[in-house]
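Asks: The structure's right below; bear with me while I get my questions together.
The values are calculated or read from the model by the stated rules, or taken from the named source; none is laboratory data. Treat the numbers as computed from the prediction; the structure is a model and nothing was measured. Neighbour counts run over all protein chains shown; Cβ positions are idealised from the backbone, glycine included. When the accessible area is computed, the model is the full protein with side chains, heavy atoms only, and any ligands, DNA or RNA have been set aside. Shrake-Rupley method; radii C 1.70, N 1.55, O 1.52, S 1.80 Å.
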Amino acid sequence: MRDLKIVFMGTPEFAVFTLKTIVEAGFNVVGVITAPDKPAGRGRKLQESAVKKYAGEQGLKVLQPTNLKSEAFLEEL
């Protein structure tokens, strides 16, 4: 079962727990799909999602498509 290739989809803070559990169990996570960074706060600076931050810390490939049906995204996936 460890030879599965998993693509995780999630964005909010609570999704990090699930991703972390999968990674720590030793599963092969080949990519993470999350929402694009969005401006937030007074300075309207781009904010990464909690899932993107965790995935980056783990060295996982992150995809942030604006359209899940776009040809470019589907090819990269």
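Asks: Please go through the stretch 56-67 and give me each residue that is open to solvent by less than 90 Å² (accessible area, probe 1.4 Å) and out of contact with any helix residue (DSSP H, G or I) (no Cβ under 8 Å at 6 or more places or on another chain), ordered by number.
Replies: Correct list: Gly56, Gly59.
Asks: Next question, about the same structure. Does the stretch 11-30 hold any residues that are open to solvent by less than 60 Å² (accessible area, probe 1.4 Å), under 14 Å from the mean Cα position of the chain (by Cα) and either at pLDDT below 95 or not small (Gly, Ala, Ser) (or both), and which are they?
Replies: Thr11, Pro12, Val16, Leu19, Ile22, Val23, Val29
Asks: Now, a different point. Restricting the stretch 39-55 to residues that are closer than 30 Å to Gly26 by Cα and in a loop (DSSP other than H, G, I, E, B), which is least open to solvent (accessible area, probe 1.4 Å)?
Replies: In this case the residue turns out to be Ser49.
Asks: I'd like to check something: does the stretch 56-76 contain any residue that is part of a helix (DSSP H, G or I), over 10 Å from the mean Cα position of the chain (by Cα) and over 25 Å from Asp3 (Cα atoms)?
Replies: Scanning the stretch 56-76, I find at least one residue that is part of a helix (DSSP H, G or I), over 10 Å from the mean Cα position of the chain (by Cα) and over 25 Å from Asp3 (Cα atoms), so the answer is yes.
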